[in-house]
Amino acid sequence: YEDGEWNYMEQLRKFADNKFEDNVFIKEVNAIVEVGCRHPPCKEAGCVSFPCDGAYSENQNRAVNRAFLTFTILGLWDSFEGSLGGTNSPTPVPSVCPECTGSPTLLPTSAPTATPLMDITSAPSVAPSREVTLLLRRFNDLKEHFINRRELLESKVFIRETKFGLASSALYTLDGLLSVLKDLTTKSSDDGNGGNLMFYIGQDDDKNVNYGLVNIALFLAHATTRGLRSDSCEEVNHDLVEGKLPFSNACGQHSQSYNDDICPMADVARECPLDTTMNVKQASVGSSTAPRFFCAPKSTNPFTGYFDPLSGTTDKSEPFANAIGREDVEGCCWWGRGMLHV
């Protein structure tokens, strides 16, 4: 992501080198992954007014808290030159503290290990097969780093909110993350503009492995504001109108109209035409108590009602509009946007 003089990779390094002192970067990333720009509202990305879906204080503050917690679990406080006693080696695994709260201490962890996480020599030129071998080696070392911290990650990061309190996620796991990361960090994919994309874990230089760990920590932190939070890979109905949850939120939440979203020119060939005859019901909302989204043509459902979260009751006797005035759900079948809704 690049916006004028603001470049994500440059800001990532600056944020890490400054000992994670400024949480503005975390909030900016939160807005980018949710609504497409650093400082919402961003009308070109569908966020007409602030707050909007994913870019409001509750999500931003949660992302900041979870990011700092994940930095601690991954042992990153001593990993940068700007930090006290810093080296380029990650710190040992922190111990589990059952009595501790979700808010991490900002004190540095114990002294770094003697050997660096990576031991990859750099050569003037690398054959393709050798390059793949190096990428796999980088990933395997990162995998070991995470597995050594499995207990903390699974008890503090891979958790969901339920009406009974926090519980382990039934959908998202460390093993699942590592399985996907293997492909995303060792195999490039087409970005639609003739370039290649790869999830950054410091593949470019041995010294950058800790920047890669920060990148993963930020991803996990932002995931806790969405998919991990409700243990669902689909969007959840949450945009209240007069204290109610309109069923027509399936058409868009926080002043967005999903039917009017268009792809960038490079991806226009991937757009699907709107099908107003579709009749689909959301498979799951995870641990959320919100009603499931559905879409249906006006011929069978001329209008929809609402769900009252306070009383737990549903009213479909008369039309009830969402924030942009939609009362029906014709063609509103796009809510499965993944953990971060990107």
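Using only Cα positions of the range 224-274, each an equal point scatterer, no hydration layer, compute I(q)/I(0) via Debye at q = 0.22, 0.25, 0.28, 0.31 Å⁻¹ and quote the log10 values to two decimals. Once normalised to I(0) and log-transformed, intensities are -0.94, -1.00, -1.04, -1.10.
In the assembled protein chains, residue 278 presents an accessible area of approximately 70 Å² (probe radius 1.4 Å). At the listed q of 0.14, 0.18, 0.21 Å⁻¹, the Debye profile of the range 139-247, built from one uniform point per Cα, gives log10 I(q)/I(0) equal to -0.69, -0.98, -1.18. Find how many whole Å separate the alpha carbon centroid of the range 166-232 from the alpha carbon centroid of the range 237-289. Measuring centre to centre over Cα atoms gives 25 Å. 3J(HN,Hα) couplings calculated from phi for the range 300-309 with the Karplus curve 6.51 cos²θ - 1.76 cosθ + 1.60 (θ = phi - 60°) are, in sequence order, 10, 9, x, 7, 10, x, 8, 10, 9, x Hz; Gly and Pro show x. Between the amide H of residue 42 and those of 47, distances stay under 5 Å, these residues lying 5 or more places away or on another chain, with hydrogens modeled in the peptide plane. The candidates 159, 262, arranged from most to least accessible area with a 1.4 Å probe in the full protein assembly, appear as 262, 159. Hydrodynamic estimate: the Kirkwood radius of the range 187-324 over Cα pairs, inserted into Stokes-Einstein at 25 °C and 0.890 mPa s, corresponds to D of 135 µm²/s. Only loop residues by DSSP count here, and only those with at most 15 other Cβ atoms within 10 Å; note down the GluC sites (Glu not before Pro) in the range 215-258 that meet that. Sites meeting the loop and neighbour criteria: 242. Surface analysis of the range 196-342 yields an accessible area of 47 Å² per residue, using protein heavy atoms and a 1.4 Å probe.
The values are calculated or read from the model by the stated rules, or taken from the named source; none is laboratory data. Note that this is a predicted model, so its numbers are computed, not measured. Heads up, the Cβs are rebuilt from the backbone with ideal geometry, glycines too, and the neighbour counts pull from every protein chain shown. With ligands, DNA and RNA removed, areas are computed over all heavy atoms of the protein, side chains included. Shrake-Rupley method; radii C 1.70, N 1.55, O 1.52, S 1.80 Å.
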